[in-house]
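*Asks:* The structure follows.
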């Protein structure tokens with residue numbers, strides 16, 4: 001299944017973050033079956049609290065296509081997007097968002113509740129390879145305690 | 001009053017955006033009475049839907065201090081932050097947020113409702129030079145019609 005294929009690539013990005021001592025989240029932007037961009041969390045490396053995987057992948061995708069909207073693209077991200085990334089996804093007008101593990105603590109739904117915060121035309125798919133993404137997060141925080 | 005002084009500087013940033021054909025929003029980060037960074041909306045110039053004034057000012061402030069948190073700093077922004085920027089402000093742990101005009105359509109409260117979406121310790125002040133900020137927005141959208 002395509003979603004699992006691309007989510008595996010997002011998990012590879014998350015593993016890169018893990019290996020660099022970053023909270024392990026990875027993201028991929030795909031359009032027409034082709035990868036436009038990849039990103040992994042770089043908050044520590046860039047000393048920038050906004051350098052989340054999704055932000056990096058989105059900005060990289062805008063650069064790649066030379067346009068500021070990502071209609072007809074799909075974002076794969078290993079973890080439920082936070083409020084910031086959800087807002088960025090909204091502005092990008094990206095068509096479809098696929099995330100792996102839910103994030104009870106920092107996921108956007110903690111703040112938006114039942115409000116739909118993505119673009120009105122966007123669709124979401126949750127839970128693709130969720131266990132793998134959650135395990136990576138757990139392993140990271142276990143190692144830090 | 002200090003807040004008006006710094007908001008005037010944020011308005012100067014907003015005017016730069018206006019002059020460049022960008023939605024006119026400006027932001028300033030201040031710590032210890034000193035300006036750490038400035039930013040204005042660059043969505044068109046960078047072809048990046050995430051290049052809001054606050055994002056640019058925050059990332060620039062992180063670079064300036066070489067750290068990923070902005071505790072004991074204040075963000076001045078001419079318009080109520082959107083969902084993305086509110087999430088970024090949350091992650092930055094910035095102490096205080098001062099905004100000018102409310103943004104009924106794209107402001108974060110459109111999505112978060114009564115939920116507090118800033119850092120638990122942060123405080124907000126609204127309405128500083130709100131009319132100036134709102135007039136600039138109106139002039140921009142009037143010219144575009």
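Since every read-out is calculated from the coordinates, none of them should be taken as a lab result. These numbers come from a predicted model, not from an experiment. For neighbour counting, all protein chains shown are included, and Cβ atoms are generated from backbone atoms with ideal geometry for every residue, glycine included.
*Asks:* Can you list the distances in nanometres, one decimal and ascending, from the residue B:15 label point to the identical position in each other copy, with the point 7 Å along Cα to Cβ?
*Replies:* For residue B:15, the other copies' label points sit at 5.5 nm, shortest first.
*Asks:* Say we join alpha carbon atoms closer than 10 Å with springs in a Gaussian network model of chain B; which of B:16, B:93, B:105 then has the biggest fluctuation?
*Replies:* B:105
*Asks:* Among B:19, B:102, B:114, which one shows the highest mean-square fluctuation when chain B is modelled as a Gaussian network with alpha-carbon springs under 10 Å?
*Replies:* Fluctuation is largest for B:114.
*Asks:* Looking at chain B, what % of its DSSP beta bridges pair antiparallel, to the nearest 5?
*Replies:* In chain B, approximately 55 percent of DSSP beta bridges are antiparallel ones.
*Asks:* Next question, about the same structure. Over the stretch A:1-113, what is the relative contact order in percent, taking alpha-carbon pairs closer than 8 angstrom and at least six residues apart?
*Replies:* Computed value for the stretch A:1-113: 22 percent relative contact order.
*Asks:* List the distances, in nm and shortest first, from the label point of residue A:33 to the matching label points in every other copy, placing each point 7 Å from Cα along the Cα-to-Cβ direction.
*Replies:* Ordered by increasing distance: 6.5 nm.
*Asks:* Assign one of three labels to the protein assembly as shown, namely rounded, prolate or oblate, based on the Cα gyration tensor with a ≥ b ≥ c the square roots of its eigenvalues; rounded applies when a/c is under 1.5, prolate when it is not and a/b is larger than b/c, and oblate otherwise.
*Replies:* Here the protein assembly as shown falls in the prolate category.
*Asks:* Rounded to the nearest 0.05, what FRET efficiency is calculated for residue A:65 and residue A:145 with R0 set to 41 Å and r the Cβ-Cβ distance?
*Replies:* Values: r = 42 Å, r/R0 = 1.02.
It comes out at approximately 0.50.
*Asks:* Using the alpha-carbon atoms, what tilt in degrees (0 to 90, nearest 10) does helix A:2-19 show relative to the longest principal axis of chain A?
*Replies:* Between helix and principal axis, roughly 40 degrees.
*Asks:* Rounded to the nearest 500, what is the 222 nm mean residue ellipticity of the protein assembly as shown from helices alone, with -39500 (n - 2.57) per DSSP H run of 4+ residues and division by all residues?
*Replies:* Taking each H run of at least 4 residues, the total per residue is -13000 deg cm²/dmol.
*Asks:* In nm, one decimal, shortest first: how far is the label point of residue A:124 (7 Å from Cα along Cα to beta carbon) from the matching points in the other copies?
*Replies:* Nearest first, the other copies' label points are 2.1 nm away.
*Asks:* Now for a different question. Once every Cα of the stretch B:4-86 carries one equal point scatterer and solvent is ignored, give the base-10 log of I(q)/I(0) from the Debye formula at q = 0.19, 0.21, 0.23 Å⁻¹, two decimals.
*Replies:* -0.74, -0.90, -1.06
*Asks:* Something else: Can you bin the stretch B:54-145 into rounded, prolate or oblate? Criterion: square roots of the alpha carbon gyration tensor eigenvalues sorted a ≥ b ≥ c, rounded for a/c under 1.5, prolate for a/b above b/c, oblate for the rest.
*Replies:* prolate
*Asks:* Right, something else. Tilt of helix A:130-144 relative to the longest C-alpha principal axis of chain A, in degrees (0 to 90, nearest 10)?
*Replies:* Its long axis makes an angle of about 40 degrees.
*Asks:* GNM on chain B, C-alpha springs below 10 Å: top fluctuator among B:96, B:45, B:126?
*Replies:* Judging by the Gaussian network model, the answer is B:45.
*Asks:* I've got another one for you. Does the stretch B:105-145 classify as rounded, prolate or oblate by the C-alpha gyration tensor (a ≥ b ≥ c root eigenvalues; a/c under 1.5 gives rounded; else a/b over b/c gives prolate, otherwise oblate)?
*Replies:* Oblate, since a/c reaches 1.5 and b/c is not below a/b.
*Asks:* Right, another one. Give me the angle, in degrees from 0 to 90, between the Cα long axis of helix B:53-65 and the longest principal axis of the Cα atoms of chain B, rounded to the nearest 10.
*Replies:* Relative to chain B, helix B:53-65 is tipped by roughly 30 degrees.
*Asks:* Another question, then. May I ask for the distance between the Cα centers of the stretch B:81-100 and the stretch A:1-52, given as a whole number of Å?
*Replies:* A separation of 24 Å, based on Cα centres.
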